Amino acid sequence: MAVVNTTSLRIYVDSEVINCETSSSLTASRSTDSIVCKDTAENPTVSPGEVTWSISGSAFMEAAGSDKSAFDIMDLLLAGTQVSVSYQGGGATAYGGNGYVTDCTFTSDGVEGQATFDFTITGDGELS
């Protein structure tokens, strides 16, 4: 069994990788609709409902770079711009789709050290 190394999994926004990414996640869930009738009241069944998904990550802030920076992500949130996003790497299957930046937090803890940012892109439509 081949294990995917965490350093190879990356988030891409509009085909550009997130600069200095430190962690990332892809979350998908499907709702279910309960089907209950007089014949099945004690043993309801479920029907698959809609899928919602998001891709989120954390990274060190960089003032400039050739890829997506914290400032680029904040600008996308403020503009309400739809983006193409994917979660891929390490020979693993890539997942992605279109979405909107729905959260972006800049953090500066203490007086020394590197500032960080966290972001979430919420899917708009199909995750494939």
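The values are calculated or read from the model by the stated rules, or taken from the named source; none is laboratory data. Everything numeric in this text was worked out from a predicted model, so none of it was measured. Here the Cβ is made from the backbone with ideal geometry for all residues, glycine too, and neighbour counts use every protein chain on show.
Name the pairs: first residue in the range 29-58 and of a type in the set (Asp, Glu), second residue modelled with pLDDT under 90 and surrounded by 11 or more Cβ atoms within 10 Å (Cβ to Cβ), Cβ to Cβ under 7 Å, at least 6 apart or on different chains?
33/46
How do the pairs read when you match residues in the range 8-27 that are closer than 21 Å to residue 52 by Cβ with residues anywhere that are part of a strand (DSSP E or B) and basic (Lys, Arg), using Cβ under 8 Å and keeping only pairs 6 or more apart or on different chains?
Within 8 Å, the pairs are 13/68; 24/10.
Residue check: is residue 63 within 16 Å of residue 116 (Cα to Cα), in a strand (DSSP E or B), of a type outside the set (Ser, Thr, Tyr) and touching a Phe, Trp or Tyr at 6+ places or on another chain (Cβ under 9 Å)?
no
Being assigned to a strand (DSSP E or B), exposed (fewer than 12 other Cβ atoms within 10 Å of the Cβ) and among the charged types (D, E, K, R), is that true of even one residue in the range 35-46?
The answer is no, given that none of the residues of the range 35-46 is assigned to a strand (DSSP E or B), exposed (fewer than 12 other Cβ atoms within 10 Å of the Cβ) and among the charged types (D, E, K, R).
Scan the range 99-128 for residues that are within 12 Å of residue 85 (Cα to Cα), in a strand (DSSP E or B) and of a type outside the set (Phe, Trp, Tyr) and report the count.
Residues flagged as within 12 Å of residue 85 (Cα to Cα), in a strand (DSSP E or B) and of a type outside the set (Phe, Trp, Tyr) within the range 99-128 amount to 6.
Matching residues to (1) under 19 Å from residue 116 (Cα atoms); (2) surrounded by 11 or more Cβ atoms within 10 Å (Cβ to Cβ); (3) among the aromatic types (Phe, Trp, Tyr); (4) in contact with a Leu (Cβ under 7 Å, 6 or more places away or on another chain):
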{"site": "21", "(1), (2), (3), (4)": "yes, yes, no, no"}
{"site": "26", "(1), (2), (3), (4)": "no, yes, no, no"}
{"site": "50", "(1), (2), (3), (4)": "no, no, no, no"}
{"site": "71", "(1), (2), (3), (4)": "yes, yes, yes, no"}
